[in-house]
Amino acid sequence: MIHDEWMDISSSSGACRRLRVRIAGGGTPILLLHGYPLDSRMWIPLIERIQDRFLCIAPDLRGFGESAEERFGFELADLASDAHALVQRIAAETAPIVCGLSMGGYVAMRYMAMFGDQVERVVLTNTRGNADDAEAQKIRRETASKALREGTEPTVAPMLQKLLSSRSFATRPDLVESIRGMMFSTRPSTVAWALMAMANRPDSMEELSRWPCPVLCIAGQEDPITPPDALQRIASRIDGAPYRIDPHSAHLTPMESPDWFAEQVVAFCSPTRA
Ligand code: MLT
């Protein structure tokens, strides 16, 4: 059973912040960091499949989903600090597995930079380790302005086509609609702050080899946003990091292929993994 809870945490600046968090199951904590412009609902198919083995902690990150609106911008490191504060509140005794998709992967990388010595394992999916180049930063800043001027829907609608595989579009109208709903319900200010935060993110490629715990990299074969080679490049920097590709998904592998994704996570995180 998945519980939706409100949690008040003190952020890095000392301000109190209210986040909505989905919590389910028991065992080793697994922190699930969602992508942009989505929220913790994207993890429900995975949570349903792994809650018998893990304590799943899936926040709506600052300003996303039902979490409190943000009046000012933020950095990805702030989202990582929030997530760490939540883990401390919910499961302080056991080091968590940190699992992030796309923007959530960027947040996981900041989490590792700040709290890596307190992490058990990492799962990076549909994400990349390098920073944006100048052109990508410019596009993000223009898109952020558009979100504040015109609202969420016209700003993020073109992205929907890139999130799912052709197979998902052909066979899963329910999935398409739920993702569209999640995207369009994201506040324009959050769309803008998140785009600025992603534009400002540092390059993580150099840090990867110093991470002190095992890392699993997962890609979707049809992902045009963070293509398989982006994950392969991350895996190649980390000694022994397994790299898996799902042939049936694009950018949202845990939603498009939840059975397969859950198997990968369970196999990698079980103490007896091969
Ligand atoms: C995401 O899915 O979180 C974003 O598309 C990542 C990005 O734009 O770099």
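The values are calculated or read from the model by the stated rules, or taken from the named source; none is laboratory data. Computed from a predicted structure; not experimentally measured. Reconstructed Cβ throughout: ideal geometry from the backbone, glycine too, with neighbour counts over all protein chains shown.
Assorted remarks:
- Pairs meeting the criteria (first residue in region 222-234 and surrounded by fewer than 19 Cβ atoms within 10 Å (Cβ to Cβ), second residue not in a loop (DSSP other than H, G, I, E, B), beta carbons under 7 Å, at least 6 apart or on different chains) are Pro224/Lys162; Ile225/Lys162; Gln232/Tyr243.
- Residues in region 153-181 that are crowded, with 20+ Cβ neighbours inside 10 Å and in contact with a Leu (Cβ under 7 Å, 6 or more places away or on another chain): Leu163, Leu164, Ser168, Ile179.
- A Cβ distance below 8 Å, combined with a sequence gap of six or more or placement on separate chains, defines the contacts here; from region 101-112, residues that are over 12 Å from Val123 (Cβ atoms) reach residues that are within 12 Å of the ligand (Cβ to nearest atom) and aromatic (Phe, Trp, Tyr) in the pairs Ser102/Tyr36; Met103/Tyr36.
- At least 2 residues being touching a Ser or Thr at 6+ places or on another chain (Cβ under 7 Å) is the threshold, and among the strands (runs of 3 or more DSSP E) wholly inside region 1-102 those reaching it are 16-25, 28-33, 54-59, 97-101.
- Region 120-148, residues that are more than 16 Å from the ligand (Cβ to nearest atom) and among the charged types (D, E, K, R): Glu120, Arg121
- Residue in region 84-119 that is surrounded by the fewest Cβ atoms within 10 Å (Cβ to Cβ), counting only those that are over 11 Å from the mean Cα position of the chain (by Cα) and within 16 Å of the ligand (Cβ to nearest atom): Arg110
- Options Arg49, Arg53, Arg62; residue that is in contact with a Gly (Cβ under 6 Å, 6 or more places away or on another chain) and either more than 21 Å from His251 (Cα to Cα) or more than 16 Å from the ligand (Cβ to nearest atom) (or both): Arg53
- Restricted to region 166-233, the set of helices (runs of 4 or more DSSP H) holding at least 2 residues that are acidic (Asp, Glu), at pLDDT 95 or above and more than 14 Å from the ligand (Cβ to nearest atom) comprises 173-184.
- Boolean, Ala68 is of a type in the set (Gly, Ala, Ser) and modelled with pLDDT of 95 or more: no
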